[in-house]
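**Student:** I have a structure I would like to understand better, so I am pasting it below and will then ask my questions one at a time.
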Ligand SMILES: Nc1nc(=O)c2ncn([C@@H]3O[C@H](COP(=O)(O)OP(=O)(O)O[C@H]4O[C@H](CO)[C@@H](O)[C@H](O)[C@H]4O)[C@@H](O)[C@H]3O)c2[nH]1
Ligand SMILES: [Mg+2]
């Protein structure tokens, strides 16, 4: 994943993934325009392994993150110096996610992504649609539908890691590690949608998986403040 070379930047030809265009409008009598990107809607899935009480993340190289680590001056050179800018700068930790580029329901797309990226076979009934929201509202605003699913070690039927030329590493984190992640001063190498998913999980689900939870409640009832780790 970190073997990166021959990096250079070029103008965008016709792309099946992003379509740049100018959106023109009149608002309150004033003519305006906004430069936008059309991109696919997507799904994102929290995958929580209840056998070992760990959250399943995907780690992958994100060119957009890498590019934003390059100084404006160095972006102008014909090739990017990868000893100055190693691949590690662009590696992100995210929820399992995928674009909706097939004529299938969001549930089916989510099911496929969990299998392809994380290696777990999840029944459709195990995928709980939580909400949907807009990503990248400055330039794109596409809809991302967010799911929660619980998996067991027995449901891990494949390796995961992505399809075709995708290079994805599956990473597991415990609840205390998730708490540490969301409390980090940053920069956290994750999109806000992932951080929202983590906060949603900590707020709605984490308590039932915390090993020390019963002890915590008992101590709280005695009027003690207990920080669960
Ligand atoms: N060659 C090439 N050029 C591209 O520009 C290019 N762009 C994409 N691709 C190919 O499309 C597929 C994209 O992978 P996924 O379907 O798994 O979608 P994600 O990249 O995970 O993105 C999701 O999750 C993100 C995190 O929540 C959100 O930010 C996004 O909005 C959300 O869509 C891969 O097969 C990749 O290979 C390109 N292939
Ligand atoms: Mg993906």
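The values are calculated or read from the model by the stated rules, or taken from the named source; none is laboratory data. Computed from a predicted structure; not experimentally measured. Cβ atoms come from the backbone with ideal geometry, glycine included; neighbour counts cover every protein chain shown.
**Student:** Which one of these is under 27 Å from residue 40 (Cα atoms), in contact (Cβ under 8 Å) with a residue 12 or more places away in the chain and assigned to a helix (DSSP H, G or I): 202, 198? Give the derivation first.
**Tutor:** Working: 202 fails: under 27 Å from residue 40 (Cα atoms).
Just a single option satisfies the conditions, and that option is 198.
**Student:** If you check every pair at least six apart or on different chains, which have Cβ atoms under 9 Å apart with a residue in region 162-173 that is free of Cβ contacts under 8 Å to residues at least 12 places away in the same chain first and a residue that is surrounded by fewer than 16 Cβ atoms within 10 Å (Cβ to Cβ) second?
**Tutor:** As it stands, the answer is none, since no pair meets every condition given.
**Student:** Among the residues of region 89-122, how many are in contact with a strand residue (DSSP E or B) (Cβ under 9 Å, 6 or more places away or on another chain) and more than 16 Å from ligand 2 (Cβ to nearest atom)?
**Tutor:** So the answer is 2.
**Student:** Identify the residue in region 90-117 that is within 12 Å of ligand 1 (Cβ to nearest atom) and without any contact (Cβ under 8 Å) to a residue 40 or more places away in the chain and, among all such residues, is farthest from residue 159 (Cα to Cα).
**Tutor:** Of everything passing the filter in region 90-117, 102 is farthest from residue 159 (Cα to Cα).
**Student:** Return yes or no: is residue 35 touching a strand residue (DSSP E or B) at 6+ places or on another chain (Cβ under 8 Å), modelled with pLDDT of 95 or more and surrounded by fewer than 14 Cβ atoms within 10 Å (Cβ to Cβ)?
**Tutor:** Details: touching a strand residue (DSSP E or B) at 6+ places or on another chain (Cβ under 8 Å): yes; modelled with pLDDT of 95 or more: yes; surrounded by fewer than 14 Cβ atoms within 10 Å (Cβ to Cβ): yes.
Judged against the criteria, residue 35 is a match.
**Student:** Still on this model: How many of the residues in region 13-38 are outside any strand (DSSP E or B) and within 16 Å of residue 142 (Cα to Cα)? Walk me through it before giving the result.
**Tutor:** Taking region 13-38 as the starting set, the residues that turn out to be outside any strand (DSSP E or B) are 13-18, 28-29.
Going one step further and asking which of them are within 16 Å of residue 142 (Cα to Cα), we end up with 16-18.
Count: 3.
**Student:** If you don't mind, another one. Which residue, of 65, 50, is farther than 20 Å from residue 163 by Cα, within 11 Å of ligand 1 (Cβ to nearest atom) and in contact with a helix residue (DSSP H, G or I) (Cβ under 9 Å, 6 or more places away or on another chain)? Even if it seems obvious, please write down each step before you answer.
**Tutor:** Details: 50 fails: within 11 Å of ligand 1 (Cβ to nearest atom).
Just a single option satisfies the conditions, and that option is 65.
**Student:** A further question follows. Looking only at region 116-150, how many residues end up being touching a helix residue (DSSP H, G or I) at 6+ places or on another chain (Cβ under 8 Å), within 27 Å of residue 209 (Cα to Cα) and surrounded by 13 or more Cβ atoms within 10 Å (Cβ to Cβ)?
**Tutor:** Count: 14.
**Student:** Filter the strands (runs of 3 or more DSSP E) completely within region 39-102 down to those with at least 2 residues that are exposed (fewer than 15 other Cβ atoms within 10 Å of the Cβ).
**Tutor:** Working: elements: 42-49, 54-61, 91-94, 96-99.
Per the criteria, no element qualifies.
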